[in-house]
1. With a point put 7 Å past each Cα toward its Cβ, work out how far N81 is from K301 in nm, to one decimal.
2. Can you send over the carbon and sulfur percentage of the accessible area for the range 184-282, probe radius 1.4 Å, protein chains only?
3. Calculated FRET efficiency, V155 and A205, Cβ-Cβ r, R0 35 Å, to nearest 0.05?
4. For the pair K180 and D195, how long in nm is the line joining their label points, each one 7 Å along Cα→Cβ?
5. My understanding is that a pair violates if its Cα-Cα distance is over 25 Å; which of K200/K301; K135/K200; K135/K264; K113/K208; K252/K305 do that in this structure?
6. If Rh is defined by the Kirkwood formula over all Cα pairs and Rg also comes from Cα, what ratio Rg/Rh do you get for the range 366-419?
7. Zone of D285 (label point 7 Å along Cα→Cβ, backbone N under 15 Å): which residues in the range 332-349?
8. Can you give me the P(r) profile for the range 187-260? Cα pairs, bins 10 angstrom wide beginning at 0, each as a whole percent.
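The values are calculated or read from the model by the stated rules, or taken from the named source; none is laboratory data. The shown structure was predicted, so the numbers you read here are calculated from the model rather than taken from an experiment. All Cβ positions, even for glycine, are placed from backbone atoms using ideal geometry, and neighbour counts span all protein chains on display. We work out accessible area using only protein heavy atoms, side chains counted, and drop any ligands, DNA or RNA first. Shrake-Rupley method; radii C 1.70, N 1.55, O 1.52, S 1.80 Å.
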Amino acid sequence: MNLSTFSDSVFDVVFFTTARLRRLAFAALITLGFYPHLANGTGVKAGPFEIEFRSERSWGGGPSMNPLASYKHARYKLLHNGRAVSFSPNSTNGSKRDWMAGDLLEAHFLYSKGTPVVLVCTETGTYLVNDQSGKPVVQHLNGAPATRFQFLDSVAGQPGELQGLNAGAHAQAMGRDLGKTGTLMMLPELNGILDLNTLKFQTYAVLKQHKWVYNDPDFGGFSFDESPTGQARVWWPTKGQFALVRYTYADKVKSFAFELVDLKTDSAYLVPFDVGQTRLTTLDDITPEWMNYYFQWSGEKLSLKRDQKPLPWVGSLNAASPGNFNYNLQPITPEMQSALMTFLVDHFGATVDGSRQMSHVTGLTIQGQRFTLSYYATGKTLVLEPQFGSPKALTLQIAGQFNRELAQSKYQSLFTTLGPGGFSN
């Protein structure tokens, strides 16, 4: 076995959390004859690239871990035409072999004009790898590994969901395809946007301000939330602007404002709005159509339309569990319970399950599936919730049909005003 082959074998089995510790531990491991156990998964391929999943079990590993227990870690290796790709912050030559160069934290496929490229996270940061004339070219985006992403234009040209990159220590996490439709990928931890058309990454000072700050004085006292609450909601490509939501409290009264992020000028401005006046009961209802109805452009600035007649109240769908939804009606009067019950009986053959009835909850059976109808007086909210195993399609059908009637101004007298805390999640 020559030295090159030997180094490649060692590379495939040895992992420690820092590059310095790896080099120090290398000699000790060889001396003791110990190699961490790695289970190699089948690689996922796209074009000349292959992402190979590797799982490792090690003892302990941190102050909060049991030193006598073993823990499973997911690691990845990126291959280009069968050869491991090297990663170094100071080099774009992915063909150059470095010690431990292929031990990755994350590796996922993206597409540039239909051609696969790879987003990679290592201990030394975030990289983008593409093929040029049959060779891997590595671009170092940032010294920190990315953990989340959001496309500004992946759903019919509008923002997709804010998502995490780390999918866990299992083979299904290997080589995920992050999407073929998006071209502008926002990486929040890196304060920048990756343009997949040009493969250029640009950082913005305005994105650096998107850190959790309560009552942020730089934004009129409106707080920023790093959870999906603070994700991009609407994108205007011709303006180079996207909108996200900020909020603030004053004497338990919750107020909202859009932050408009202008990428052309690397700046932002606020547009306050009233959720009751705009009939907003969930952030997921913020769509281009909704924005166009209540807001307008004055030059390069978005503003709220004055004296715009509110649309009718309608219900909203909120995530209840993975793959399912609740149907929520708010702000409603108690009489809405009877109205919705009558609708469910007349249109869907609903029956009451007396064994599951409580003071504010009614058990229902609808087309053989179990639901609960719950009324919350404090939040002025009525929630139709599918029970475990109930199909999502039936909930969507009920919500769609009742919303069509609400949109025709039916049952509007059964709505009231939102409380000081705004809508209920």
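1. 5.6
2. Details: 2140 of 4150 Å².
That share works out to 52 percent.
3. For V155 and A205, the calculated efficiency is 0.80.
4. Result: 2.4 nm between the two label points.
5. On the way: K200/K301 27 Å; K135/K200 18 Å; K135/K264 34 Å; K113/K208 28 Å; K252/K305 27 Å.
Among K200/K301; K135/K200; K135/K264; K113/K208; K252/K305, the Cα-Cα distance tops 25 Å for K200/K301; K135/K264; K113/K208; K252/K305.
6. Working: Rg = 13.0 Å, Rh = 12.8 Å.
My calculation puts Rg/Rh at 1.02.
7. Within reach of a label on D285: 332-333.
8. 18, 48, 26, 7, 1
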